[in-house]
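The values are calculated or read from the model by the stated rules, or taken from the named source; none is laboratory data. Predicted model only: the values in this text are computed from it and were never measured. Virtual Cβ from ideal backbone geometry, glycine too; neighbours counted across all protein chains shown. The area values use the complete protein model at the heavy-atom level, side chains included, leaving out ligands, DNA and RNA. Shrake-Rupley method; radii C 1.70, N 1.55, O 1.52, S 1.80 Å.
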Amino acid sequence: LFFALFSVAVHTINSFLVYLLSEKITKNKVVSLIAGIFFFFNSLGHQAYSWFGTMAGSATSVTFILLSLIFYFKFLEKKHFKNLLISLFFVWVSFLFKESGYFVFIFYPIVWVLYAKNKSVTIFLRENLPVILYGILVTFLFARSIIFIPGERANYVAADTSGAVVLVRHLLTYPLEGIGQSFFPSQFIFQLARTLTQIFVPSLTSETSEFDIFYTTKMT
């Protein structure tokens, strides 16, 4: 019960932070309210807060990522350097739970180009150098934690499942999957994948492990 209450509380806080972030970006309270409500009720990421196995890491990491985003947009508005430092601090805290916040090291310089009022190469380097250097440091530490683990404990990093090609493919497909699942319920997608598998791969027999693995991974 206490884990459930904690999960609901964190998800509610995250939904409110989505509202605040949306208001920073759009300057529109109605749009921001819709964004917060959509985030609260959308089933896309429900396992991040409803499943005990990922709740503590995922949901809490999102909290600090959203706080980091909010303070970065505050930094763009008023150019107070302390807001940038607070933003990077929250990213660091989010990494203590999960590495989901890694995208900010690429995202922040892009956002700066889009939203900064006074733009020049000198200003860009001065205001984004802490983000870039911090991103390089985190990349080095994160890469070492995966590549240089001795023994078979890192067997999920293998030649047949990892590599540059797979990384690029995931970079392109994961956002598309997320967008698709934002507008189409997962139950509909899985049922459609099941039906399409029966049509296009008749060699697989329904209600078998091979069929289930194929339609939930490949066809989906």
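Within region 32-39, is there a residue that is open to solvent by 50 Å² or more (accessible area, probe 1.4 Å) and either of a type in the set (Ser, Thr, Tyr) or touching a residue at least 60 places away in the same chain (Cβ under 8 Å) (or both)? Checked region 32-39: no residue is open to solvent by 50 Å² or more (accessible area, probe 1.4 Å) and either of a type in the set (Ser, Thr, Tyr) or touching a residue at least 60 places away in the same chain (Cβ under 8 Å) (or both). Restricting the first member to region 184-205 and to residues that are over 10 Å from Met219 (Cα atoms), and the second to residues that are charged (D, E, K, R) and open to solvent by 100 Å² or more (accessible area, probe 1.4 Å), the beta-carbon pairs closer than 7 Å and six or more apart or on different chains are Leu204/Glu210.
Within region 187-208, the presence of a residue that is under 25 Å from Ile65 (Cβ atoms), modelled with pLDDT of 80 or more, open to solvent by 80 Å² or more (accessible area, probe 1.4 Å) and of a type in the set (Val, Ile, Thr) is excluded.
For Asn118, the conditions (1) open to solvent by 20 Å² or more (accessible area, probe 1.4 Å); (2) in a helix (DSSP H, G or I); (3) without any contact (Cβ under 8 Å) to a residue 24 or more places away in the chain; (4) out of contact with any Ser or Thr (no Cβ under 8 Å at 6 or more places or on another chain) all hold with the exception of (2). Just so you know, in region 109-121 the residues that are modelled with pLDDT of 90 or more and not aliphatic (A, V, I, L, M) include one that is nearest to the chain's Cα centre (by Cα), and it is Pro109. Restricted to region 40-67, and to residues there that are modelled with pLDDT of 70 or more, within 18 Å of Gln187 (Cα to Cα) and of a type in the set (A, V, I, L, M, F, W, C), the residue that is least open to solvent (accessible area, probe 1.4 Å) is Ala48.
Taking the criterion of being at pLDDT 75 or above and not in a helix (DSSP H, G or I), the only residue of region 158-184 that qualifies is Phe184.
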